[in-house]
Amino acid sequence: MRYQFEFRPYRRQFKHPLQTSHGTWTVREGIILRLSDEGRVGWGEIAPISWFGSETLEQALNFCHQLPTEITRETIFSIPSTLPACQFGFESAWEEMEKRAGEAGEAGGEKRRIRSCGLLSAGEAALEQWESLWNRGYRTLKWKIGVAPLRVELEIFHRLVQSLPASAQLRLDANGGLSLEEAHKWLGVCDRLAQAESLTLLEFLEQPLPVTQFDAMLELNECYLTQLALDESVATLEQLESSYYQGWRGIFVIKPCIAGSPLRLRQFCHKHKIDAVFSSGFETAIGREAALQLATELSIYGRAVGFGTDCWFDEYETPELLWNNL
Ligand code: MG
């Protein structure tokens, strides 16, 4: 089977610049893929985040440029794991096309039931913000820590915890920004909270330490009641696998758009029944659909996904409109 292959790069301005641990992100760049054969079309998206561990946009573009205009299934399934965002983009386009063929005439398959996590601003702003997210239906909220001094954040944290409804769940995300000492302090506070009353309030603490301190995180995960999640440490499927084989049995945050091959990701998740949280890589609706499909299949512990329902960009209604505007 041969598929016609076309691609177009995109540049999209964030509605609000995004603060990341690597500075401010104002423009999202990526590539939209279009596979087709005899009237069937499959859309895919390559949305690299090189500072998070994927290939660069340039590497992805080079890969697309060197491909012929007709490719095969073998081309798609032999993309090297050094190009994880390309693996995701090509495989998901291929899957979409094959799936569409399989369900021709049906109205889109079963309805997705998956909960989303709302993102609170760092610092004190969270205290003002949680209620509007709650009123919009979010029951899981995420708050960034490791931004202000520890003493200040702990004080805000206590106020936040006291004000949140009992059925809320809170995730803390340090983006690798804590020292080992600070991580112990946070986890001590979280454990005391869990033992005192709010047993279910704190869902987990995400990536307390930098990627280089994997062993320390492994130890922390064994010392405390509060669960830990790895995010930056497990950007790609290769890192996910290696963390698992080195003994990580905590939570894994997966950004499908940079994790790599959806086929291999499925196999890995099914085999090891890992506790996974799925999250967005700020892709367009094309990549998001494919990523949410994986999240729906593989979130076996039912954790809320980090895609939100708020769009970070002005969205086009269909892939065709997005494509035609590139
Ligand atoms: Mg994170």
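The values are calculated or read from the model by the stated rules, or taken from the named source; none is laboratory data. None of the values given here were measured: they were computed from a predicted structure. With ideal geometry, Cβ positions are generated from the backbone for all residues, glycine too; neighbour counts draw on all protein chains shown.
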Taking Tyr316 as meeting all but one of (1) among the aromatic types (Phe, Trp, Tyr); (2) within 16 Å of the ligand (Cβ to nearest atom); (3) touching a helix residue (DSSP H, G or I) at 6+ places or on another chain (Cβ under 8 Å), write down the number of the exception.
(2)
Cβ-Cβ under 7 Å, sequence separation 6+ or interchain: first residue in the stretch 24-36 and among the small types (Gly, Ala, Ser), partner in a strand (DSSP E or B). Which pairs?
Gly30/Tyr10; Gly30/Glu45; Gly30/Ile46; Ser36/Tyr3; Ser36/Gln4
The one condition Gly302 fails out of (1) more than 15 Å from the ligand (Cβ to nearest atom); (2) surrounded by 18 or more Cβ atoms within 10 Å (Cβ to Cβ) is (2)
Lone unmet requirement of (1) under 26 Å from the mean Cα position of the chain (by Cα); (2) charged (D, E, K, R); (3) farther than 26 Å from His270 by Cα; (4) loosely packed, with under 15 Cβ neighbours inside 10 Å for Asp215
(3)
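The rows are residues; the columns are (1) within 13 Å of the chain's Cα centre (by Cα); (2) within 16 Å of the ligand (Cβ to nearest atom); (3) buried (at least 16 other Cβ atoms within 10 Å of the Cβ); (4) not assigned by TED's automatic domain parsing to the domain that holds Ile32.
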{"site": "Tyr224", "(1), (2), (3), (4)": "no, no, yes, yes"}
{"site": "Gln239", "(1), (2), (3), (4)": "no, yes, yes, yes"}
{"site": "Trp248", "(1), (2), (3), (4)": "no, yes, yes, yes"}
{"site": "Val253", "(1), (2), (3), (4)": "yes, yes, yes, yes"}
{"site": "Leu263", "(1), (2), (3), (4)": "no, no, no, yes"}
{"site": "Val277", "(1), (2), (3), (4)": "yes, yes, yes, yes"}
Filtered residue count, the stretch 294-312, keeping only those that are in contact (Cβ under 8 Å) with a residue 60 or more places away in the chain and either touching a Ser or Thr at 6+ places or on another chain (Cβ under 7 Å) or in a helix (DSSP H, G or I) (or both):
8
Looking at Leu127, Leu83 in this structure, which one is within 18 Å of the chain's Cα centre (by Cα) and modelled with pLDDT of 95 or more?
Leu83
Per the filter on the stretch 58-85, residues touching a Gly at 6+ places or on another chain (Cβ under 7 Å) and free of Cβ contacts under 8 Å to residues at least 60 places away in the same chain are none
So how many residues does the stretch 36-66 have that are over 13 Å from Ala85 (Cβ atoms), in contact with a Phe, Trp or Tyr (Cβ under 7 Å, 6 or more places away or on another chain) and small (Gly, Ala, Ser)?
2
Report yes if some residue within the stretch 150-171 is within 21 Å of Ala235 (Cα to Cα) and in contact (Cβ under 8 Å) with a residue 12 or more places away in the chain; otherwise report no.
yes
Please specify each residue of the stretch 200-222 satisfying the condition of being modelled with pLDDT under 95, in contact with a helix residue (DSSP H, G or I) (Cβ under 8 Å, 6 or more places away or on another chain) and away from the ligand (no atom under 16 Å from the Cβ).
Leu201
Looking for something more than 22 Å from Arg264 (Cβ to Cβ), surrounded by fewer than 16 Cβ atoms within 10 Å (Cβ to Cβ) and more than 21 Å from the chain's Cα centre (by Cα) - is there at least one such residue anywhere in the stretch 12-26?
no
Reported set for the stretch 136-173 where residues are in contact with a Leu (Cβ under 7 Å, 6 or more places away or on another chain), within 16 Å of the ligand (Cβ to nearest atom) and either over 22 Å from Phe252 (Cα atoms) or assigned to a loop (DSSP other than H, G, I, E, B) (or both) is Ile145, Gly146
